[in-house]
Amino acid sequence: GLAVVFAAAGAKVVVADVDKVKGAATVADIKATGGEAVFRQCDMTVESEVQELMEFAVETYGSLRILVNNAVRYVFGHLKSEGGSKTGTDREATAEEWSK
């Protein structure tokens with residue numbers, strides 16, 4: 001993933017994920033190749049957790065120079081669009097889905 005690529009290029013990486021197991025695995029992958037990384041659990045839909053994450057990054061490494069927002073929430077189906085996906089699952093996203 002992107003964290004591994006940045007670490008391989010010499011970046012000190014803060015891996016943030018709601019999933020502790022996946023986050024720890026990414027940190028382990030980075031460290032196994034000689035990179036530097038730490039993990040912080042964070043739910044990107046909770047603004048206060050994101051703020052705490054930014055503060056953690058600065059406290060840990062002294063500054064924050066690059067930020068990659070790679071958070072995603074999967075919603076079953078495909079968004080309706082011209083032509084459609086041809087899968088039979090096309091639908092409109094609800095306002096609640098977009099706000100997450």
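The values are calculated or read from the model by the stated rules, or taken from the named source; none is laboratory data. What you are looking at is a predicted structure, and each value in this text was computed from that prediction instead of being measured. Please note: Cβ atoms are built from the backbone with ideal geometry, for glycine as well, and neighbour counts cover all protein chains shown. Note: accessible area is taken over every heavy atom of the protein model, side chains too, but ligands, DNA and RNA are not part of it. Shrake-Rupley method; radii C 1.70, N 1.55, O 1.52, S 1.80 Å.
If the condition is being closer than 11 Å to ALA3 by Cβ and open to solvent by 80 Å² or more (accessible area, probe 1.4 Å), then the range 23-35 contributes only ASP29.
In the set (1) within 14 Å of the chain's Cα centre (by Cα); (2) at pLDDT 90 or above, ARG73 fails one condition alone, (2). Looking across the range 36-48 at every residue that is more than 21 Å from ALA25 (Cα to Cα) and more than 12 Å from the chain's Cα centre (by Cα), the one that is most open to solvent (accessible area, probe 1.4 Å) is identified as GLU47. Could you tell me whether any residue of the range 62-69 is touching a residue at least 12 places away in the same chain (Cβ under 8 Å), surrounded by 11 or more Cβ atoms within 10 Å (Cβ to Cβ) and not β-branched (Val, Ile, Thr)? Looking for residues that are touching a residue at least 12 places away in the same chain (Cβ under 8 Å), surrounded by 11 or more Cβ atoms within 10 Å (Cβ to Cβ) and not β-branched (Val, Ile, Thr), one finds none in the range 62-69, hence no.
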